[in-house]
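Data block below; observations after.
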């Protein structure tokens, strides 16, 4: 049985947890180990027979603490034990304060797998935002060491298309098999983000709270029920939910529900699927809303959402952070989008990994 070591961001973020869910269900007969030493995902992993976290004992913790040995950086050992190194995630190439240390780690672990003739994949990702040519050049050279890089947007693909191992496919989650639920015609959802947790958006924090609150109040007056969605508590979504609730007059609060993702994927997908309309700031809220065939109004805080909408030729209403006042007067007009081709094309993210794993 081939063994896959997976580098993935795990913080009970719905989008990233769905990536892992897709991977685990696609490869039930392969051993998948998550490069994640924390204990808070133990119960989440138990739902999959083929997923486990990297072994990290109290002895490992002790040796690391006193500086004798760190199992988490023993990349040579990983490269001998595992057949595949898979980086799975969306916006995993952002030029930020930690970029140099992250790049150093990636070079070291990839070099170890290379020396042992093991396979290296980046799947489901997008590149940027970045400012410096140096950042781009270093990743251009890093990608040369990999077997397959499949970007989820054409912008990222075009940056690196001169490399033969670089491909494009629509986001992995377009192929997610959603259950169908009964539509509740009078429910509007708001997928929220915390601008203070997004680089360069802190200045919009209070404006975002103000106009989102005004939008909610106006839609309650129109007869709608409201559902406030937190996709990732660790990134401050729930804090924003609580701040918005403070702005809502007491007579309107009985019309508001709060749905906070806590690791129960199916429960959150059911909430989304039952909405009439989703005002979506989270990237994967936009995608999951469209996949659920409900009306979606994207609230764009980054180019990754712009690139997604451009690639799928979205024609509906969008609101950019520079124009948050437009939130106050949104209209839930259904925008139909043909997603059958996206579902099929999305599967090709795993094309090269399929070929390798299924090779005898």
Could you grab me the full set of residues in region 144-172 that are surrounded by fewer than 18 Cβ atoms within 10 Å (Cβ to Cβ), free of Cβ contacts under 8 Å to residues at least 24 places away in the same chain and in contact with a helix residue (DSSP H, G or I) (Cβ under 6 Å, 6 or more places away or on another chain)? 163
Can we say residue 97 is exposed (fewer than 13 other Cβ atoms within 10 Å of the Cβ), within 21 Å of the chain's Cα centre (by Cα) and outside the structural domain of residue 304 (by TED's automatic domain parsing)? yes
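Can you tell me how many residues within region 255-293 are under 21 Å from residue 220 (Cα atoms) and touching a strand residue (DSSP E or B) at 6+ places or on another chain (Cβ under 6 Å)?
Residues meeting the conditions: 15.
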Restricting to region 266-300, give me the number of residues that are over 20 Å from residue 343 (Cβ atoms) and buried (at least 24 other Cβ atoms within 10 Å of the Cβ). 6
Can you tell me how many residues within region 301-336 are loosely packed, with under 15 Cβ neighbours inside 10 Å and not in a helix (DSSP H, G or I)? 8
Taking the stated definitions as given, is residue 128 crowded, with 22+ Cβ neighbours inside 10 Å and either in contact (Cβ under 8 Å) with a residue 60 or more places away in the chain or within 30 Å of residue 324 (Cβ to Cβ) (or both)? no
Here is a check on your reading of the model: is residue 246 surrounded by fewer than 17 Cβ atoms within 10 Å (Cβ to Cβ), outside any helix (DSSP H, G or I) and not assigned by TED's automatic domain parsing to the domain that holds residue 17? no
Looking only at region 256-270, and only at residues there that are touching a residue at least 40 places away in the same chain (Cβ under 8 Å), more than 14 Å from residue 237 (Cβ to Cβ) and outside any loop (DSSP other than H, G, I, E, B), the one that is farthest from the chain's Cα centre (by Cα): 256
So which residues in region 337-360 are surrounded by 12 or more Cβ atoms within 10 Å (Cβ to Cβ) and over 21 Å from the mean Cα position of the chain (by Cα), if there are any at all? 337, 352, 354, 356, 357
Hits in region 173-208 - residues which are in contact (Cβ under 8 Å) with a residue 60 or more places away in the chain, within 18 Å of residue 304 (Cα to Cα) and either loosely packed, with under 15 Cβ neighbours inside 10 Å or outside the structural domain of residue 247 (by TED's automatic domain parsing) (or both): 173, 174, 199
Only listed residue being under 20 Å from the mean Cα position of the chain (by Cα), under 28 Å from residue 237 (Cα atoms), touching a residue at least 12 places away in the same chain (Cβ under 8 Å) and buried (at least 20 other Cβ atoms within 10 Å of the Cβ), chosen from 35, 18, 23: 23
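The values are calculated or read from the model by the stated rules, or taken from the named source; none is laboratory data. None of the values given here were measured: they were computed from a predicted structure. Positions of Cβ are backbone-derived with ideal geometry, glycine not excepted, and every protein chain shown enters the neighbour counts.
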